[in-house]
Structure formats: structure tokens, C-alpha cells
């Protein structure tokens with residue numbers, strides 16, 4: 001989102017799950033200037049994979065949020081110009 005300021009906080013922790021064993025959990029919390037919050041959590045065996053997957057998921061969620069915002073603006077403009 002080139003014209004938006006986004007604050008991102010990252011938390012990385014090791015956890016133990018009886019089913020999957022030791023894993024690394026990466027949690028990203030992105031907050032936009034409009035106070036919208038997006039949270040992504042990923043757990044993988046290797047830290048690099050967890051971080052990479054979390055940022056990929058965040059990118060997808062932010063893109064969806066931007067598309068929804070654009071659709072809302074376009075529908076509002078259409079209603080405003082109609083007679």
C-alpha cells in the first residue's frame with residue numbers, strides 16, 4: 001500500500017506442540033493509519049520458513065483489505081453520481 005503508513009510489530013517465539021514437536025511461531029500485527037489491524041500467525045519447524053510465510057500471509061491480507069476499501073469507494077461514488 002504505497003500511500004498508507006503501516007506499523008508492523010513482530011513476535012517470534014519457540015513453542016512445543018505434542019502433535020508437531022518444536023516449532024517457531026511468528027506473529028505479525030500490522031496497524032494502518034486508519035486504526036485497522038491485521039494479525040497473521042504462522043508456525044513452522046524452521047524460523048526462516050515461519051517468518052517468510054508470515055510476511056507472505058500479511059501481504060495477501062493487506063492486498064485484500066486494499067481491494068475491499070477500493071470497492072467501497074467505487075460503489076459510494078457510483079451512488080453519489082446516479083440520479
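The values are calculated or read from the model by the stated rules, or taken from the named source; none is laboratory data. All values derive from a computational prediction rather than experimental measurement. Cβ: placed from backbone, ideal geometry, glycine included. Neighbour counts: every protein chain shown.
Computed quantities for the displayed model
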read-out	value
Total residues in the range 24-37, condition more than 14 Å from residue 11 (Cα to Cα) and assigned to a strand (DSSP E or B)	3
Residue check for residue 8: within 25 Å of residue 68 (Cβ to Cβ), in a strand (DSSP E or B) and at pLDDT 90 or above	yes
Only one of 49, 42, 15 that is modelled with pLDDT of 95 or more and either part of a strand (DSSP E or B) or in contact with a helix residue (DSSP H, G or I) (Cβ under 9 Å, 6 or more places away or on another chain) (or both)	42
